[in-house]
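See below for the structure under consideration.
The values are calculated or read from the model by the stated rules, or taken from the named source; none is laboratory data. Not measured: the values here are computed from a predicted model. Accessible surface is based on the protein model in full, side chains and every heavy atom, while ligands, DNA and RNA are left aside. Shrake-Rupley method; radii C 1.70, N 1.55, O 1.52, S 1.80 Å.
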Amino acid sequence: MKNKIAIVTIIISLIAMSAYAEALFENAYLSELRVIKADEQAGWALIQDRAGNQGDVVVGDSIGWEQAEVVAIEKAAIMVEQEDLKTRIPVVDPFADD
């Protein structure tokens, strides 16, 4: 009986955690997004679209029109996954020319 309760508790926790994932920059393509800063230890990254709008992302968030899921945050890049395709978006200088 205790095992069933534990399994149900885990499932409910996973469902609740997935509800907190955000969808960001839904009107921008992944190719239009820049990673301005990434903090691997804290587990977040700051991204920006071409219009200058910024937002923090964490693992589990969806970004871009493609709704790619952020699967990893590293010091120099974030990894996003869309279906079976993983893409690395590197941290760039926010003041660099396009």
Global geometry of the range 28-90, whether rounded, prolate or oblate, following the gyration tensor of its Cα atoms and the 1.5 cut on a/c: oblate
Quick one: accessible area per residue over the range 17-91, 1.4 Å probe, rounded to a whole number of Å²? 62 Å²
